[in-house]
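Q: Here's a structure for you.
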Amino acid sequence: LPEQDAFDIEYWLLEEAKLQRMPKPKALAGRVALITGGAGGIGRATAQRMLNEGACVMLTDIDQNSLNETLEAFQQQYGADQVDAVRMDVTDEQQVQQAFSSSCLRFGGVDILVSNAGIASSSPLDETTLENWNFNQNILSTGYFLVSREAFALMKRQKMGGSIVFVASKNGLVASANAAAYCTAKAAEIQLARCVALEGAPHGIRANVVNPDAVLRGSKIWTGKWKEERASAYQMNTDELEEHYRQRSLLKRNVFPEDIAEGVYFFVADLSSKSTGNVLNVDAGHAPSFTR
Ligand code: NAD
């Protein structure tokens, strides 16, 4: 190489190396995420993922004690400027509106909604009471409607687009024993996300779904009677259940709240900017496409 060219190349390589060493701006810096069920297993792991990427997070949950505890832990780690919390029952229209207003006052808006708050209950069809049916529909299907409608209206007004992610369930796609009310409500969430995607597209609002398979550890659902109910539906004891989930997956792995948080993060971050109305199963390979 002529001397000048060699000098230029060396110069630019050094500049490039300097750039590589410079701290990168965080992927979600300047964005505000509202997370429902933020004091539960998946919600908390998702909040952590977003906080690590620089987002401001408004945690919401019906469980005030868990919410306080989660907020305290996050504020210690990230500082009070980046995270706040407000108690919200997703079935209460007024509380939903108030939580979004709180986020606007505290952080200036909402760019990301993670609709995740949920329950699980199990009963054979002929023992499913209307009360139990309505309980599932109210928290899951109706709750997801109320929070996504609020986010949608706000994002439209903000005119900056947005990303809405529903944490539904693989049971919204495949039926599971003794869980008609739950499966049906989860299916409604998935179809609702597609409708939000359709109406949101002209406004730059994306809506996608993450479907977890059973997430036993870290989930409050599983510390309740759901674990026993599932075990009895599969005619197993609770110790055998986790191994059963692992063995039936193609990858022979269990999934954890952090795995679901990665899926949510994908749909929130710009790397999925051309994905909307999509469903991602985080299930180590136990999707409806396989017959095992
Ligand atoms: P979790 O119980 O640890 O967390 C759920 C959170 O939702 C709790 O903190 C709870 O207080 C909150 N919540 C319940 N009812 C509420 C209401 N009316 N208003 C506001 N908050 C409410 O459970 P998780 O595993 O983190 O579940 C999160 C989501 O993932 C749920 O929608 C659940 O159906 C779904 N999911 C979970 C699994 C699993 O195996 N854990 C599998 C598939 C789907």
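Q: Restricted to the stretch 67-83, and to residues that are surrounded by fewer than 19 Cβ atoms within 10 Å (Cβ to Cβ) and in contact with a helix residue (DSSP H, G or I) (Cβ under 8 Å, 6 or more places away or on another chain), which residue is farthest from Gly218 (Cα to Cα)?
A: Gln82
Q: Could you say whether any residue in the stretch 59-72 is outside any helix (DSSP H, G or I) and among the aliphatic types (A, V, I, L, M)?
A: As a first pass, look at the stretch 59-72 and keep what is outside any helix (DSSP H, G or I): 59-63.
Cutting the leftovers down to among the aliphatic types (A, V, I, L, M) gives us 59, 62.
Looking through the stretch 59-72, at least one residue is outside any helix (DSSP H, G or I) and among the aliphatic types (A, V, I, L, M).
Q: Out of the residues in the stretch 103-124 meeting the condition of being hydrophobic (A, V, I, L, M, F, W, C) and under 19 Å from Ala179 (Cβ atoms), tell me which one is nearest to the ligand (Cβ to nearest atom).
A: Filtering first and then ranking leaves Ala117.
Q: Whether any residue in the stretch 105-124 is assigned to a strand (DSSP E or B), surrounded by fewer than 19 Cβ atoms within 10 Å (Cβ to Cβ), hydroxyl-bearing (Ser, Thr, Tyr) and more than 15 Å from the chain's Cα centre (by Cα) is what I want to check.
A: yes
Q: Here's another thing I want to ask about it. For the stretch 188-204, does any single residue satisfy the condition of being closer than 23 Å to Glu243 by Cα and within 12 Å of the ligand (Cβ to nearest atom)?
A: Looking through the stretch 188-204, none of the residues is closer than 23 Å to Glu243 by Cα and within 12 Å of the ligand (Cβ to nearest atom).
Q: Could you please let me know if Gly161 is surrounded by fewer than 17 Cβ atoms within 10 Å (Cβ to Cβ) and under 19 Å from the mean Cα position of the chain (by Cα)?
A: yes
Q: I need the full set of residues from the stretch 148-169 which are of a type outside the set (D, E, K, R) and away from the ligand (no atom under 16 Å from the Cβ), in order please. Spell out how you get there, then give the answer.
A: In the first step, residues of the stretch 148-169 are kept if they are of a type outside the set (D, E, K, R); the result is 148, 151-155, 158, 160-169.
Selection gives Phe152, Ala153, Leu154, Met155, Gln158, Met160, Gly161, Gly162, Ser163.
One line per residue, one yes/no per condition, for (1) in a helix (DSSP H, G or I); (2) free of Cβ contacts under 8 Å to residues at least 24 places away in the same chain; (3) more than 26 Å from Leu105 (Cα to Cα):
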| site | (1), (2), (3) |
| --- | --- |
| Ser148 | yes, no, no |
| Met155 | yes, no, no |
| Tyr182 | yes, no, yes |
| Ile190 | yes, no, yes |
| Ala197 | yes, no, yes |
| Arg206 | no, no, no |
| Gln235 | no, yes, yes |
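No lab work stands behind these numbers, since they all come straight from the coordinates. This structure is a prediction, so every number in the text was calculated from the model and none was measured. Heads up, the Cβs are rebuilt from the backbone with ideal geometry, glycines too, and the neighbour counts pull from every protein chain shown.
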